[in-house]
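Trainee: I am attaching a structure below and will ask some questions about it afterwards.
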Amino acid sequence: MADTDEQVPLWAPTAQQLAAARMTHFMAWVGARHGRTFADYDELWRWSVDELEQFWGGVWEYCGVRASMPYERVLASRAMPGAKWCEGATLNYAENMLCRALDAPGLDGKIDENARAARTAVIHASELRPLGELTWGELAEQVAAAAAGLRSLGVGRGDRVAAYMPNIPETLVAFLASASIGAIWSCAAPEFGARSVIDRFAQIEPKVLLGVDGYRHGGKDFDRGDALRSILAGLPSLEHMVLLGYLDERAKPSRFTENGLSWSELLARGAGAEARFEQVPFDHPLWVLYSSGTTGLPKAIVHGHGGILLEQLKKSMLHLDLHSGDRMFWFTTTGWMMWNFLIGCLFSEAAIVLYDGSPAYPDLGRLWQLAEQTGITCMGLSAGLLASCEKAGIEPARDYDLSRLRAIGSTGSPLPPEGFRWVYEQVGPDVWLFSTSGGTDVCTAFVGGCPLLPVYAGELQCRVLGCAVESWDEQGQLLLDAVGELVLAQPLPSMPLFLWGDESGERYRESYFDMYSGIWRHGDWIRITRRGGAVIYGRSDSTINRQGVRMGTSEIYRATASVPEVTDALVVDVPSGGTEELQMVLFVVLRDELRLDERLVREIKARVCEYCSPRHVPNKILQIAEVPRTLSGKALEVPIKRILMGAAPNEAASVESLANPHSLDYFVELARRCRGDVSRT
């Protein structure tokens with residue numbers, strides 16, 4: 001276990017940064033409202049989870065939620081599942097996003113509509129398109145036109161609008177148009193295979209599908225015509241298809257369906273339309289996200305207008321400390337919840353930066369170049385991407401002008417201490433680096449960054465406001481400074497309203513409340529440090545258990561990453577010799593066409609022994625070409641374990657939800673040769 005508690009901080013906010021932080025202002029404001037003072041962030045956090053109604057009511061008022069009808073009570077019931085938030089309130093997510101930027105008064109208390117409309121809202125680039133911008137006025141105008149176009153197709157409140165679209169401005173416009181109508185949005189990235197898309201969208205029976213003809217990634221063009229035809233054929237509920245010619249601007253809807261129109265035709269139908277925002281209940285469905293789909297049919301997770309609105313206001317304004325003038329970027333595709341998270345940063349009135357393409361094309365300097373070109377102030381990358389930059393010897397501060405970059409966020413998997421140190425050595429000593437952890441299930445992070453706190457290597461700064469995160473043992477006892485199950489002991493507004501098609505709620509309860517009655521179990525190992533920070537140790541359902549000593553896979557990966565020859569790794573525990581005894585197998589990817597030899601095996605084992613424990617030294621180390629990962633970059637630990645134990649690939653994993661499905665072939669062949677006993681290899 002990495003001991004982070006005795007470290008010297010890598011970074012701490014200056015007095016000027018503390019004074020300017022929105023978190024500081026909120027702390028004073030909410031303290032005055034309730035006749036109390038907060039000595040530090042920890043006191044504020046404790047109050048936010050003890051007094052949920054006061055806290056979330058404070059977020060509503062401080063952040064200026066627009067509602068046509070007020071709520072009767074912030075929290076009518078704390079029961080989980082089934083907490084009742086802000087009953088009686090009616091509002092609209094899209095209205096809150098667009099109108100707060102266009103109608104809010106300036107520092108002089110006056111509204112200069114022309115000046116505010118001319119501010120930049122979206123900066124965008126892709127491998128197919130040059131750098132461009134959308135102002136708030138242009139964004140609002142296009143959303144109004146797209147919404148009117150969708151209405152002309154018969155789309156109304158509660159109808160589902162599905163998109164097979166990349167991370168480009170049209171996707172954002174379509175989503176906000178859907179939200180403004182009160183329709184329910186759902187999106188899949190165009191790199192998803194047709195079967196994977198149908199598995200998702202068929203559950204919700206969309207009325208309209210928006211799609212692209214193809215995309216470019218890593219300098220290569222990918223035509224999605226056949227996939228789009230298969231999707232259309234597999235969704236009998238569809239009444240209309242809207243095509244954006246992205247790979248080929250001349251692409252016609254008639255190539256795919258008789259009942260289609262182009263994106264430009266959709267906007268033309270609503271040209272000049274006035275903005276209209278359907279007023280919906282606080283818990284009206286906003287969008288449907290999906291679990292990774294590594295096993296079985298993906299869960300269709302439904303979030304509501306009001307819950308997501310409150311959560312994104314809190315995160316973007318308080319925890320990310322975004323202001324008008326900031327430029328916020330997170331590398332993501334539309335198939336990952338971080339796209340939804342990034343869109344929510346517009347609530348802060350910061351501009352967001354969208355990028356569609358490979359982060360490694362033409363080399364791993366591409367996103368750092370983008371930061372220089374666009375003046376990114378807050379930049380989000382996956383832990384794996386940061387590790388790749390380190391391994392490749394990228395030196396961003398030397399090669400790019402990052403003078404505007406003040407913060408870097410990391411998520412997707414635990415960022416090891418070495419990743420923290422690389423950022424401060426190669427990006428800059430004054431950068432605020434925050435690692436975050438949460439999930440698609442709540443579409444946010446519940447442990448992450450705080451602008452008021454110092455940064456320690458390998459540690460997430462804090463438990464996020466309003467998130468009653470605790471570490472529990474198997475008996476449901478609270479653990480202090482020890483690794484346990486990550487639980488939420490109190491409800492959160494952005495918890496799923498329900499899972500689509502789960503009328504009885506049984507699947508919802510089994511997914512999150514099966515281990516502890518009335519308590520959300522997230523499925524991660526966590527340790528809350530003595531100073532109130534957190535360390536994530538990986539998924540609890542893929543834990544390595546050696547002679548009763550459990551360890552998260554992230555610690556094994558940290559050890560292997562310290563070996564220069566290793567570029568990636570996957571570790572699983574599998575039964576040995578037909579017994580219940582588990583054998584630990586470590587699969588490694590090596591750089592520069594190296595081959596695994598006895599010297600390297602000894603070196604890897606020595607590092608695992610040093611970083612973890614002698615008990616966690618792998619029984620076997622095998623070389624692979626690449627680690628199987630989902631499209632959002634998560635390693636397939638549990639599915640690979642199931643394949644090695646004899647499960648068919650299509651039973652263990654949703655193949656079309658993978659970034660590299662061919663990578664499963666090695667494990668299928670290994671399972672065939674070892675017949676469920678890897679000790680045979």
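The values are calculated or read from the model by the stated rules, or taken from the named source; none is laboratory data. The structure presented is a predicted model; accordingly, all values stated were derived computationally and were not measured. Quick reminder, even Gly has a Cβ in these numbers, built from the backbone with ideal geometry, and neighbours come from all protein chains shown. For the accessible areas, the whole protein counts, side chains as well, though only heavy atoms, and no ligand, DNA or RNA atoms are used. Shrake-Rupley method; radii C 1.70, N 1.55, O 1.52, S 1.80 Å.
Trainee: Of all residues being part of a strand (DSSP E or B) and of a type in the set (F, W, Y) in the range 477-532, which is surrounded by the most Cβ atoms within 10 Å (Cβ to Cβ)? Just the residue, please.
Mentor: Initial filter on the range 477-532 (part of a strand (DSSP E or B)): 478, 484-488, 498-499, 520-528.
Filter once more, so that each one left must be of a type in the set (F, W, Y): 498, 520, 525.
Working: F498: 19, W520: 24, W525: 26.
Per the criteria, the residue is W525.
Trainee: Is there a residue being touching an Asp or Glu at 6+ places or on another chain (Cβ under 7 Å) and either open to solvent by less than 10 Å² (accessible area, probe 1.4 Å) or at pLDDT below 95 (or both) anywhere in the range 197-205? Outline the logic, then answer.
Mentor: The first filter runs over the range 197-205 and keeps only residues touching an Asp or Glu at 6+ places or on another chain (Cβ under 7 Å), leaving none.
No, every residue in the range 197-205 fails to be touching an Asp or Glu at 6+ places or on another chain (Cβ under 7 Å) and either open to solvent by less than 10 Å² (accessible area, probe 1.4 Å) or at pLDDT below 95 (or both).
Trainee: Restricting attention to the range 252-295, and to residues there that are aliphatic (A, V, I, L, M) and closer than 16 Å to W500 by Cβ, which single residue is surrounded by the most Cβ atoms within 10 Å (Cβ to Cβ)?
Mentor: Just the residues of the range 252-295 that are aliphatic (A, V, I, L, M), to begin with: 261, 266-268, 271, 273, 275, 280, 286, 288-289.
This time we only want the ones that are closer than 16 Å to W500 by Cβ, so: 286, 288-289.
On the way: L286: 27, V288: 24, L289: 25.
This residue is L286.
Trainee: May I pose another question? Cβ-Cβ distance below 8 Å, separation of 6 or more or different chains: which pairs start in the range 298-321 with a residue that is assigned to a helix (DSSP H, G or I) and end on one that is among the basic types (K, R) and open to solvent by 10 Å² or more (accessible area, probe 1.4 Å)?
Mentor: These pairs meet every condition: M317/R22; L318/R22.
Trainee: Could you pull out the residue among L385, L354 that is farther than 20 Å from Y62 by Cβ, surrounded by fewer than 23 Cβ atoms within 10 Å (Cβ to Cβ) and under 16 Å from the mean Cα position of the chain (by Cα)? Even if it seems obvious, please write down each step before you answer.
Mentor: Working: L354 fails: surrounded by fewer than 23 Cβ atoms within 10 Å (Cβ to Cβ).
None of the other options fit; the residue is L385.
Trainee: Now for a different question. Pairs under 7 Å by beta carbon, first residue within 20 Å of L570 (Cβ to Cβ) in the range 595-607, partner part of a loop (DSSP other than H, G, I, E, B), six or more apart or different chains?
Mentor: Short answer, once both residue conditions are applied: L600/E565; E603/V563; I604/V563; K605/V617; K605/P618; R607/S562; R607/V563.
Trainee: Which one of the conditions (1) open to solvent by 10 Å² or more (accessible area, probe 1.4 Å); (2) modelled with pLDDT of 95 or more; (3) not basic (K, R) does G380 fail to meet, given that it meets all the rest?
Mentor: Of everything listed in (1) open to solvent by 10 Å² or more (accessible area, probe 1.4 Å); (2) modelled with pLDDT of 95 or more; (3) not basic (K, R), G380 misses just condition (1).
Trainee: Which of (1) over 20 Å from P13 (Cβ atoms); (2) in contact with an Asp or Glu (Cβ under 9 Å, 6 or more places away or on another chain) is the odd one out, the single condition S413 does not satisfy?
Mentor: (2)
Trainee: While we're looking at this one, here's another question. Kindly indicate whether any position in the range 580-596 is within 29 Å of A392 (Cβ to Cβ), open to solvent by 50 Å² or more (accessible area, probe 1.4 Å), in a helix (DSSP H, G or I) and at pLDDT 90 or above.
Mentor: no
Trainee: Separate question: Hey, among S254, S262, S237, which residue is modelled with pLDDT under 95 and not aromatic (F, W, Y)? Steps first, please.
Mentor: Working: S262 fails: modelled with pLDDT under 95; S237 fails: modelled with pLDDT under 95.
After ruling out the rest, the residue left standing is S254.
Trainee: Pull out all pairs, ordered by first then second residue, where Cβ-Cβ is under 6 Å, the residues are six or more apart or on different chains, the first lies in the range 117-128 and is farther than 15 Å from M379 by Cα and open to solvent by 10 Å² or more (accessible area, probe 1.4 Å), and the second is in a strand (DSSP E or B) and aliphatic (A, V, I, L, M).
Mentor: Listed pairs, sorted by first residue: T120/A351.
Trainee: Let me ask something else about it. Could you tell me whether any residue of the range 262-282 is closer than 17 Å to L98 by Cβ, of a type outside the set (D, E), in contact with a helix residue (DSSP H, G or I) (Cβ under 7 Å, 6 or more places away or on another chain) and assigned to a strand (DSSP E or B)?
Mentor: Yes, because at least one residue in the range 262-282 is closer than 17 Å to L98 by Cβ, of a type outside the set (D, E), in contact with a helix residue (DSSP H, G or I) (Cβ under 7 Å, 6 or more places away or on another chain) and assigned to a strand (DSSP E or B).
Trainee: Same structure again: Exactly one of (1) open to solvent by less than 10 Å² (accessible area, probe 1.4 Å); (2) under 22 Å from W500 (Cα atoms); (3) in contact with a Ser or Thr (Cβ under 9 Å, 6 or more places away or on another chain); (4) at pLDDT 95 or above is unmet by P298. Its number?
Mentor: Only one criterion is unmet by P298, namely (4).
Trainee: Which residue out of A189, A179 is farther than 25 Å from L128 by Cβ, in contact (Cβ under 8 Å) with a residue 60 or more places away in the chain and open to solvent by less than 40 Å² (accessible area, probe 1.4 Å)? I'd like the intermediate steps shown before the answer.
Mentor: Working: A189 fails: farther than 25 Å from L128 by Cβ.
Within the list A189, A179, the selection yields A179.
Trainee: Tell me, which helices (runs of 4 or more DSSP H) wholly within the range 136-231 include 1 or more residues that are within 22 Å of R276 (Cα to Cα), touching a helix residue (DSSP H, G or I) at 6+ places or on another chain (Cβ under 6 Å) and not hydrophobic (A, V, I, L, M, F, W, C)? Quick ask: steps written out before the conclusion?
Mentor: On the way: elements: 136-152, 169-181, 194-204.
Counting at least 1 such residues, we get 136-152, 169-181.
Trainee: Any residue at all in the range 364-377 that's modelled with pLDDT under 95 and either open to solvent by 10 Å² or more (accessible area, probe 1.4 Å) or more than 30 Å from Y62 (Cβ to Cβ) (or both)? Show your work before the answer.
Mentor: Step one: list which residues in the range 364-377 are modelled with pLDDT under 95, which gives none.
Within the range 364-377 (the criterion being modelled with pLDDT under 95 and either open to solvent by 10 Å² or more (accessible area, probe 1.4 Å) or more than 30 Å from Y62 (Cβ to Cβ) (or both)), the answer is no, since none of the residues qualifies.
Trainee: Then there is this: Could we say that E72 is in contact with an Asp or Glu (Cβ under 6 Å, 6 or more places away or on another chain) and either surrounded by fewer than 14 Cβ atoms within 10 Å (Cβ to Cβ) or among the hydroxyl-bearing types (S, T, Y) (or both) here? Give the derivation first.
Mentor: Details: in contact with an Asp or Glu (Cβ under 6 Å, 6 or more places away or on another chain): yes; either surrounded by fewer than 14 Cβ atoms within 10 Å (Cβ to Cβ) or among the hydroxyl-bearing types (S, T, Y) (or both): yes.
Yes.
Trainee: Hey, among the residues in the range 392-430 that are open to solvent by 10 Å² or more (accessible area, probe 1.4 Å) and of a type in the set (V, I, T), which one's nearest to A360 (Cα to Cα)?
Mentor: So the residue we want is I394.
Trainee: Being more than 27 Å from L75 (Cβ to Cβ) and within 19 Å of the chain's Cα centre (by Cα) is the filter here; which residues of the range 456-513 pass it?
Mentor: E459, the sole residue that qualifies.
Trainee: While we're looking at this one, here's another question. Quick one: would you say E133 is open to solvent by 10 Å² or more (accessible area, probe 1.4 Å), over 29 Å from F282 (Cα atoms) and part of a strand (DSSP E or B)? Full working, then the answer.
Mentor: Working: open to solvent by 10 Å² or more (accessible area, probe 1.4 Å): yes; over 29 Å from F282 (Cα atoms): yes; part of a strand (DSSP E or B): yes.
Yes.
Trainee: List the helices (runs of 4 or more DSSP H) that sit entirely inside the range 1-64 and contain at least 3 residues that are surrounded by 17 or more Cβ atoms within 10 Å (Cβ to Cβ) and touching a residue at least 60 places away in the same chain (Cβ under 8 Å).
Mentor: Result: 22-33, 41-50, 52-62.
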